[in-house]
Amino acid sequence: MIQIDPRSSTAIYEQIIQQMKELCLKGVLKPGEKLPSVRELSTMIIANPNTVSKAYKELERQGIIETLRGRGTYVSENAQKTLDEGKMEMIKEQLKPLIIDAVYAGVDIEIIHKWIEEIRKEMRGSSND
Amino acid sequence: MVGGGLFEKEFKQVRSLCIFLFLFNSFALPFTVWSEYSSYLDFLKKYPDSNLEPFVFQFGADPHLLISSMFLFFIAINQMGTERARGMMDFTLSLPYKRSKIFLVKWALVFGIILSSTLISFILTGSYLEWFEIAVSQPTFNYYFTLFSTLAMVYTLTLAAGTLTGTPFAQGLTAVSAAILPLLFALVLTMNADAFGNFTYEEMEKWFEFGYLITPALQFFGWRIFQDVSSIYPFYFLIPGGMAILFFFVGYFSFIKHPNERNGNFFLWKQLNLPVQIIVILLGVLGFSAVGYGSSNESFTGYLIGAVIGAAIGIILSYYLIYKKTKQA
Amino acid sequence: MIELKNLSKTLNGERVLDSVSLKLEKGEIFGLLGRNGSGKTTILRLIQQIILPDEGEVLFENVSMMEHPLVKRKVVYMPVQNPFYDRYSYRELVKILKSLYPDFDVTYSNELINRYAIPETKKYRELSTGLKKQFSLIMAFAIRPAVILLDEPTDGIDAVTRHDLLQLMIDEVAERETTIFITSHRLEDIERICSRIGFLENSTLTNVMDMDSLKEDYIKIQAVFEEDVHLKIRERKISILDYSGVFYTLLLQRDDVESKNWLRSLNPKVWNQLPVNLEEVFIAKFGGKRRW
C-alpha cells in the first residue's frame, strides 16, 4: 500500500501522511473505507508504531481520517474536499522555491508565464484533467 | 524449587563427567575390595597349605583417590575456565540469579555427587568388610572421611582457582600450584636453612613435616611416604576438610565480585599479578640457589649462581604466563 | 522503565564509559550509534549485569538490577553471538529456557518457529547466520521480557531475514509495548524503527534525540562558491559532507545562524537547504577529522 524510504530527506511520518493523502486523492482509498490499525500498518511498512501513530493523529487533525472508538480508523467522508484545499496550498509552497531559483538563475518572469501556457497546451492535448 | 532451572542447566553442562565420577566413586573401591578378597580366597582354595599371612586390606594402595580427583579437577575446570573461554559464562551471568546463587548451584551439584557416591561406596565397602570380618590397614571410617574431605578439597580448590583465573589452563595450573605450594616452600626453605645454619636434622624434619601437612595435595604423596597419616596425627583428617571450607569461601566471594572481562588474562584479578610473580621468582631463587649450593660442594658461589639462574627462570616463566594474554573466544 | 545512572567503566586500562546516563520508557525503540569498539556492547553487558560498573547503577522500574537479579526475568540480552546455544536444538533449548524463565511462552515460540520455518531438531551451531539471529530473537521474545537489549541484530544477514526480524520487533513493540534498546551499524534500519537515538563518542552519550528531531535539527546546504573557500570553511569547522570542484555539501545545525550567515557572506551562486538523513549525520560526527 505505502512504501517508506528511511534514507529520504523527508521524515517518515511526513511520508506516511503524504502517501495516504495521495491514495485518497487517487481514489484507491475511498471515503468510509477502513484503514489498517497503527499496529498493522507499522508491521506492514516496518516503521516505529509511535511514528505511525503520529501520522494518523495529524491526518485526523487535518480531517482526512477519523477514529471511531472501538471500531477502528476510517477515511473521512469529506476527505476529498479537505485534500483538495490542502493540495492547493502544498503546490503553491512547492512552486515558490522553484520560481525563486529560476529568477536567481536569470530566467525572466515573462518566460515562466510562457512556460505555463506551453504546459497547459501539452496537457490539453494528452488528457482531460 | 527455586533455582531448579539453574541446576538443570549446570548439570547438562557437566553431565557425562559427573556420571562417570558418580559411578566410579561409588563402585570402584567396593569392587576392588571384593576382587582382592576373592583372589585371596581363591588362592587359599588352590593352595591350602601355603603359609599366607592373614588378609589385610590396604586402604590407599590403589589409584582410586587419584582418579576420582582427576574427574573432579576436570569438572571444576569445565564449570569455570572452559565455560569462560567458550564465551558461555556471559550467558550464565545474564540469567536472573544472583552471582552467589550461581556459584552455590555449581558447587552444590558436584558436592552432592561427591557426598552421595562416597556414602554409597562407604556403605558397600563397610558392609562387605564387616560381613566377612576382614582386617583393614586403618579404620574404614577414618579412610573414608579423609577420602571425602580430600575430594571435597580438590574440587573446591580447583573451582576457586577458576574464579581467580581467566583461562582453563590458568585455572588448572593455579590449582595444582596451590596444591603443592606449602610443600615446595617447605622443601626449599629447609634446603636453604641447611645451607646457612646449623640446624639439627630433627628440627628441619619438623618444619618439613609441617609444610607437608598443610599441603593440600598431601594425600597424593601419602601412599608412598606416609601410609597412614591419621594414625600419626589423629586430627589430620580435619585439615583437608578445613581447607575445603577455606577454598569454598575464597571461590564464593571471588565469584561474586570478579571482573568478567574477556581478554584472556591469566588472572582475572590484576591485583594478583605482582604478588604471584614475586612468589614464583622467590621460589625460583631459593630453589635453584639451594641446588647450586648443594651440587657445588657447599660453596657460596654455587649458591649465587643458582640464585641468578633461579631468578631468571622465575622472571621469564612468570612473565610469559601471567602477562601474556591468550586469545579469547 | 529502565534507567542507567552515571555508569562508568574502565576496561584494560581504558576508560570506556564515563558517567553515562539514560532513561528508557515503555514501548520506545532506542538506537545506540557509535563506531566499532566505542563501548556499545559494554553498555549492554553492564545493563545485563554480566560485568559490573566501576561507578553508577542500572535500575529497572526503580529497583537496582544488581541487588535484585530476579528482575532479569523481564530483561533479556541478545548478544552478537550466543555460544551457549551452540550445542542445543530448538526443542532442547525450549526446555532449558522454560526452567530458567518461568514466563517462557512455549506456544508463542512454537508459533514463531513455524512461521519462519526454522528447523526444530537441528543444533544451533548448524544454522546459518540469519537463522541463528532469527532463532535468538524468537527465544528472547518468547521469554516475554519488558525490555530487550539487541546487539547488532540485523547486521550481516540477507534482506529477507532482515525484513522478518524487523517486522517481528515492530510487532512486539506495537502489541506489548516492549522497550527495545538496539545497537547497529545498519543506519537504514535504525532510521526506520527507532523512536529515539543517541551517539556513543569519547566514552560519553551525546546528542540523544528523537528520530524526527534529527531531520529537524540538522540541515544540509548545497552551495556553489565562486572562489576557493575550502580552507576557510574547514577553519570554521563546518562539516563538509562532500565536495567536487566548486559544488559543496555542508552540514549545519538548523539553529546555527552564525555559520549560515557567514557562509552567505561568501556570496554563493547556488544555495539549497535540504533535510539530512542519519548516515550523513553519522559520518559528519565521526568522520569529522578526515580530510576530504
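The values are calculated or read from the model by the stated rules, or taken from the named source; none is laboratory data. Please read all numbers here as calculations on a predicted model, not as lab measurements. Neighbour counts are summed over all protein chains in view; Cβ atoms, including those assigned to glycine, are modelled from backbone coordinates with ideal geometry.
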Item to complete: Please specify each residue of the stretch B:78-105 satisfying the condition of being among the hydrophobic types (A, V, I, L, M, F, W, C), at the interface with chain C (Cβ under 7 Å from one of its Cβ atoms) and within 15 Å of C:ASP86 (Cβ to Cβ).
Response: B:MET88, B:PHE91
Worksheet entry | the stretch B:78-111, residues that are of a type in the set (Val, Ile, Thr) and surrounded by fewer than 24 Cβ atoms within 10 Å (Cβ to Cβ) | B:THR82, B:THR92, B:ILE102, B:VAL105
Fill in: Total residues in the stretch C:62-84, condition in contact with a strand residue (DSSP E or B) (Cβ under 8 Å, 6 or more places away or on another chain), outside any helix (DSSP H, G or I) and among the aliphatic types (A, V, I, L, M)
6
Discussion item. Looking at (1) part of a strand (DSSP E or B); (2) closer than 30 Å to C:GLY27 by Cα, which one does C:LYS220 not meet, given that it meets all the others?
Written reply: (2)
Fill in: Residue selected from the stretch C:213-235 under the condition β-branched (Val, Ile, Thr) and either surrounded by fewer than 15 Cβ atoms within 10 Å (Cβ to Cβ) or within 29 Å of C:ILE193 (Cβ to Cβ) (or both), by the criterion nearest to the other protein chains (Cβ to nearest Cβ)
C:ILE219
Worksheet item: Does A:LYS54 satisfy the condition of being in contact with a Gly (Cβ under 6 Å, 6 or more places away or on another chain) and among the charged types (D, E, K, R)?
Response: no
Item to complete: For A:ASP101, state whether it is over 20 Å from the mean Cα position of the chain (by Cα), over 30 Å from C:GLY27 (Cβ atoms) and not polar (S, T, N, Q).
Response: yes
Fill in: Meets criteria (within 11 Å of chain B (Cβ to nearest Cβ) and either at pLDDT below 95 or over 28 Å from C:ASP189 (Cβ atoms) (or both)) for C:TYR116
no
Practice prompt. State yes or no: is C:LYS123 more than 10 Å from every other protein chain (Cβ to nearest Cβ) and among the basic types (Lys, Arg)?
Written response: yes
Worksheet item: In the list C:PRO153, C:PRO102, which residue meets the criterion of being on the phi < 0 side of the Ramachandran plot, exposed (fewer than 15 other Cβ atoms within 10 Å of the Cβ), in a loop (DSSP other than H, G, I, E, B) and modelled with pLDDT under 95?
Response: C:PRO102
Discussion item. I'd like the full set of residues that are surrounded by 13 or more Cβ atoms within 10 Å (Cβ to Cβ), out of contact with any helix residue (DSSP H, G or I) (no Cβ under 7 Å at 6 or more places or on another chain) and of a type in the set (D, E, K, R), limited to the stretch B:29-63.
Written reply: B:GLU36
Fill in: Residues that are among the small types (Gly, Ala, Ser), assigned to a loop (DSSP other than H, G, I, E, B) and within 14 Å of chain C (Cβ to nearest Cβ), drawn from the stretch B:1-57
B:GLY3
Worksheet item: Can you name the number of the only condition in (1) free of Cβ contacts under 8 Å to residues at least 24 places away in the same chain; (2) closer than 30 Å to B:ILE75 by Cα; (3) of a type outside the set (Asp, Glu) that B:LEU157 fails?
Response: (1)
Worksheet, complete the sentence: Scanning the stretch C:239-289 for residues that are crowded, with 16+ Cβ neighbours inside 10 Å, of a type in the set (D, E, K, R) and within 14 Å of chain A (Cβ to nearest Cβ) gives C:GLU280
